[in-house]
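Derivation of every value follows stated rules applied to the coordinates shown; laboratory data play no part. Just so you know, these numbers come straight off a predicted model, no measurement behind them. In this analysis, Cβ positions are derived from the backbone assuming ideal geometry, glycine residues included, and neighbour counts consider all displayed protein chains.
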Amino acid sequence: MKTRLIALLYLTCAFAACEEAKEKPAAKAAVKTKIAAAPAAEAEQIPTAKEIPDVETAIPDSVKALAAPAMATFPGGIQSAVTAATENAQAHVNQGLNHLHGGWEFEASRHFAAAMREDPECLLAHWGMVMSLLSPSPETSAARNAATQRLLNLIGRGKGSELERGYAFGLVKYLEEGPARAAAAFRKVAARFPNELQAGIFAALFSRGDYDESGTATPASSARCPRTTARISIC
């Protein structure tokens, strides 16, 4: 587990360094190289293809028990540019995003699973699966952990676009440091991509407050910065 946590820390630091360097146009090309390829000593610590779980392990049993999900119509819905091997995988990721924003995480996970099967190296499909499984559940924890390991491996190999890696970075910040850090990360993505409305939505999502057992509203997470209780084990 130590080696994977070290690799994760390297990746998060690399992305953060990239965000700072983008303000300096002359350094842009060099920064891209840092994100895409880690130094040999660090790269050895990123899980190899033999060490990471396969796609089916990263899909909950409840999803595997069902047939492929049908495509729904979302008038005026989300149509994001998705880095994927096929148009079908792209379509399923967009379906998953629309369901995710609608609060139907289970249906979203079905579409992200379909995209993962279609393209096992689609970064946003894995990001979506982990997002769909954030709430702790004994039935989904194994798949959630496997999807997280696969996501980290894809980040380490430089998969996805700059925007997609920004989304992945924001999710990693949530898993490791809590909602306030995730909100800050998504705000940076929103600033970098002002036309990307979803980044602002996720920044607001991770910034919102909650309610305690008595029903009293608690401060926004950005003010109290707690460590998340829905932590994911990557050991």
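Summary table
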read-out	value
Rounded if a/c under 1.5, otherwise prolate or oblate - region 53-157, Cα gyration tensor axes	oblate
Region 61-111: C-alpha gyration tensor shape, a/c 1.5 cut-off, then a/b vs b/c	oblate
Magnitude of the charge dipole, region 53-157, Cβ model with Lys/Arg +1 and Asp/Glu -1, debye to 20	140 debye
Extension gain from ILE201 to GLU56, taking 0.36 nm per residue of separation minus the Cα-Cα distance	49.2 nm
Gyration tensor (alpha-carbon) shape descriptor, region 134-204, a/c threshold 1.5	oblate
FRET efficiency estimate (nearest 0.05) - Cβ-Cβ, ARG157 to ALA191, R0 22 angstrom	0.25
